[in-house]
Amino acid sequence: MHCGATSRKSQPRHGEAMLTANLCHCAEHVTRGLDLGFVLVVVVAEHVTRVQLQHGLWHVGTCDVDRAAAKRGLDFEIGWFLKPLVSGHYPKIMRMIAKDRLPKFTPKEKKLVKGSVDFMGLNYYTAIFAKSIPIDFHASPVSSTANVFVNLTAERNGVLIGPPMGGSETSYYLYPKGVQKLLEYMKREFKNPAIYITENGLSETRNDSLPLKVQLNDPSRIDYTVQHLYRIRKAIKNGVNVKGYFYWSLLDGFEWIAGYINRFGLYHIDYNNNLTRTPKDSAKWFKRFLKHHE
């Protein structure tokens, strides 16, 4: 029995697929027809851009080999979770590389898992380049990330994939077309499921020394949202079954390892004055936008 890192990590993820399926089937008996879904945090990689199950990313590749690497990265990050829920098995490339370190579904499990969710939720923020590493099918198991055989980088030939976005605990780059590419990938790979964009937004670094009026002026957030909504609309026109969009977030809040340093909110929170909430320019714009498109 192999006991490499991929084997240890694949067991919990295999369990996640089974747990998701069991929860959805059990919930059908008590939700009276409510839709049940599975939410992914994704980073897209465009042929050399990356998809990550943490902060919305698309893999981007610029030649056939790198495009294959980007697809491989997506298979390991997204397909690992979603392929079983749609087809009852893991991506073929994962099986080729991980071999028997990747668990197999029994016929009973496959029947339970396949088609068990009604929609999929995606968090999208940014993208990154994916450069292929020659696959060694006989390599010793090290980790699931090493098994992908992809080198991820934010730049190609000295040029960043997009303008850097500030105020984040990780490196984010503006790449709106990534959300369209990710949605169209979801349509192709997972039988055009109902999709909700469950997170998409821009962070700014907290600076309490600035006057409130300056902190409320956030044209970059409005521009970020417009560009991503435009790309989502293009994906819908291309047949992607997008059912909804949630901006992240309504309020400034606690952001993982960054704590209160990041400000993602449409509403400014004054942490030094009883958590007073004040709408930013983006909140006022969003209200006008929604009212105009009722």
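Might you let me know whether region 78-99 holds any residue that is assigned to a loop (DSSP other than H, G, I, E, B) and of a type in the set (Lys, Arg)? Among the residues of region 78-99, not one is assigned to a loop (DSSP other than H, G, I, E, B) and of a type in the set (Lys, Arg), which makes the answer no. Please work out if residue 285 is open to solvent by 60 Å² or more (accessible area, probe 1.4 Å), in contact (Cβ under 8 Å) with a residue 60 or more places away in the chain and either part of a helix (DSSP H, G or I) or under 17 Å from residue 126 (Cα atoms) (or both). Considered against the rule, which asks whether it is open to solvent by 60 Å² or more (accessible area, probe 1.4 Å), in contact (Cβ under 8 Å) with a residue 60 or more places away in the chain and either part of a helix (DSSP H, G or I) or under 17 Å from residue 126 (Cα atoms) (or both), residue 285 comes out as no. Reported count of residues in region 52-68, each being crowded, with 20+ Cβ neighbours inside 10 Å and either under 30 Å from residue 249 (Cβ atoms) or at pLDDT 90 or above (or both), is 6. Residues of region 195-246 that are open to solvent by less than 80 Å² (accessible area, probe 1.4 Å), within 20 Å of residue 267 (Cα to Cα), assigned to a loop (DSSP other than H, G, I, E, B) and not hydrophobic (A, V, I, L, M, F, W, C): 200, 201, 203, 206, 207, 208, 211, 218. Of all residue pairs spaced 6 or more apart or on separate chains, those with beta-carbon atoms under 8 Å, a first member in region 214-238 that is more than 22 Å from residue 193 (Cβ to Cβ) and a second member that is surrounded by 15 or more Cβ atoms within 10 Å (Cβ to Cβ) and of a type in the set (Phe, Trp, Tyr) are 222/285; 225/247; 225/286.
Mind listing whichever residues of region 247-280 are within 19 Å of residue 225 (Cβ to Cβ) and not in a strand (DSSP E or B)? Within region 247-280, 247, 248, 249, 250, 252, 253, 264, 265, 266, 280 qualify. When restricted to residues that are out of contact with any Gly (no Cβ under 7 Å at 6 or more places or on another chain), among the charged types (D, E, K, R) and free of Cβ contacts under 8 Å to residues at least 60 places away in the same chain, region 161-205 contains 2.
Could you tell me whether residue 151 is in a strand (DSSP E or B), in contact with a strand residue (DSSP E or B) (Cβ under 9 Å, 6 or more places away or on another chain) and farther than 30 Å from residue 223 by Cα? Here the answer is yes, as residue 151 does meet what is asked.
Can you name the residue in region 146-179 that is open to solvent by 20 Å² or more (accessible area, probe 1.4 Å) and polar (S, T, N, Q) and, of all such residues, is farthest from the chain's Cα centre (by Cα)? Looking at the filtered set, the residue picked out is 157.
Filtering region 88-116 to residues that are closer than 19 Å to residue 182 by Cβ and surrounded by fewer than 22 Cβ atoms within 10 Å (Cβ to Cβ) leaves only 93.
Per this entry, residue 255 is counted among residues that are surrounded by 14 or more Cβ atoms within 10 Å (Cβ to Cβ), in contact (Cβ under 8 Å) with a residue 12 or more places away in the chain and closer than 30 Å to residue 82 by Cα.
The values are calculated or read from the model by the stated rules, or taken from the named source; none is laboratory data. Only a predicted model underlies this, so the values are computations on that prediction, with no experimental measurement involved. Here the Cβ is made from the backbone with ideal geometry for all residues, glycine too, and neighbour counts use every protein chain on show. What goes into the accessible areas is simple: the full protein's heavy atoms, side chains included, and nothing from ligands, DNA or RNA. Shrake-Rupley method; radii C 1.70, N 1.55, O 1.52, S 1.80 Å.
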